[in-house]
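The structure appears below as structure tokens.
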Amino acid sequence: MRNASRTAGHVALFRALETCRRDRLFADDHAIRFLPARYRWLVRAAAIRPVGHGIARLIDHHYPGGPRTSAVARTRLIDDLLGEAEPEQVLLLGAGYDSRAHRIPGMPPTYEVDHPVTQRAKRQHVADRPHVHYVPVDLDAESLAAALGGFPAKRTAVIWEGVTNYLTERAVDATFRDLTAIVGPGSTVIFTYVDRAALGDGTAWHQKVEKVGEPWTFGFHPDDVPGYLAERGLDLKGDLSAKDAAARYHRDEPAAGFYRIAWAVVR
């Protein structure tokens, strides 16, 4: 990877636009910082309510399948799950332009793991904070456990948002096994995934990410997730589609049934 993730940039745009809404699901004032000038102008224009609605409809038309609403619904759900976990520390895997360590008050020590290129790009736009620790790792090629040598074995909330579908099966397996070895019992692992059935369907959403050079490479069959996690020392507690998550927050805009958010507890 020579350039920062383009899909991470798209998600930052969706979060910035969400922040402009009166009925917003969350406020992420940092998201706009990661955007190029043309997108910043778009976000500022979206603060005018009719313009914002028009921009949302345009994005949903240009990116069919509901990636915008799926992204903001998953963000809100994960925020809520993070609060419920009451962790002693937080581990963000494939953090991208996630700004939870900066936007959520009272965040405990937070470790951000990401590809070095994307992480460098992110750090140019956010101030260093004493409670945020950056760990550059390429999960497709490097061991998470080795990179996090000396990681405190405390009750941890692990957030793995928007990542597994870009990794290999081997990398996903190794990461889950590393996680259960390094975090404390009772830790919560929150992750997103794509229904494996969608990988072969050539969905419009999949075609878009493939076009920017970041194709989906991995998915789970939802029925297989409980057993898969159990074999790796985790007990599944919940698994919602992005569509169901959007409905949970009373959003009737397009969201994907094949994009899912799951959470489990380490034994």
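The values are calculated or read from the model by the stated rules, or taken from the named source; none is laboratory data. Quick caveat: nothing in here was measured; it's all calculated off a predicted structure. Counting neighbours? That spans all protein chains shown, and the Cβs are built from the backbone with ideal geometry, glycine included. Areas reflect the complete protein model, heavy atoms only, side chains present, ligands, DNA and RNA absent. Shrake-Rupley method; radii C 1.70, N 1.55, O 1.52, S 1.80 Å.
Can you find even one residue in segment 101-108 that is under 29 Å from Gly238 (Cα atoms) and touching a residue at least 40 places away in the same chain (Cβ under 8 Å)? The answer is yes, given that some residue of segment 101-108 is under 29 Å from Gly238 (Cα atoms) and touching a residue at least 40 places away in the same chain (Cβ under 8 Å). Tell me the residue from His250, His221 that is on the phi > 0 side of the Ramachandran plot and either exposed (fewer than 14 other Cβ atoms within 10 Å of the Cβ) or without any contact (Cβ under 8 Å) to a residue 40 or more places away in the chain (or both), please. Just one listed residue meets the conditions, His250. Note on segment 161-184: residues that are among the aliphatic types (A, V, I, L, M), surrounded by fewer than 22 Cβ atoms within 10 Å (Cβ to Cβ) and over 17 Å from Asp224 (Cβ atoms) amount to 4.
Take the conditions under 18 Å from Lys211 (Cβ atoms), part of a helix (DSSP H, G or I) and touching a residue at least 60 places away in the same chain (Cβ under 8 Å) and apply them to Ala12. Does it pass? No, not satisfied.
Scanning segment 174-210 for residues that are part of a helix (DSSP H, G or I), closer than 19 Å to Asp235 by Cβ, more than 18 Å from the chain's Cα centre (by Cα) and not β-branched (Val, Ile, Thr) yields Arg177, Asp178, Ala181.
Does any residue of segment 26-40 turn out to be under 12 Å from the mean Cα position of the chain (by Cα) and crowded, with 21+ Cβ neighbours inside 10 Å? No, segment 26-40 contains no residue that is under 12 Å from the mean Cα position of the chain (by Cα) and crowded, with 21+ Cβ neighbours inside 10 Å. Filter segment 47-81 down to residues that are of a type in the set (A, V, I, L, M, F, W, C), open to solvent by 10 Å² or more (accessible area, probe 1.4 Å) and assigned to a helix (DSSP H, G or I), then give me how many there are. Total meeting the criteria: 6.
Residues in segment 105-134 that are aliphatic (A, V, I, L, M), touching a helix residue (DSSP H, G or I) at 6+ places or on another chain (Cβ under 7 Å) and open to solvent by 20 Å² or more (accessible area, probe 1.4 Å): Met107 only. Only one residue in Gly227, Gly219, Gly213, Gly202 is at pLDDT 95 or above and closer than 25 Å to Val11 by Cα, so which one is that? Residue meeting the stated conditions: Gly219.
Checked against (1) touching a strand residue (DSSP E or B) at 6+ places or on another chain (Cβ under 6 Å); (2) in a loop (DSSP other than H, G, I, E, B); (3) open to solvent by 30 Å² or more (accessible area, probe 1.4 Å), Ala95 meets all criteria but (3).
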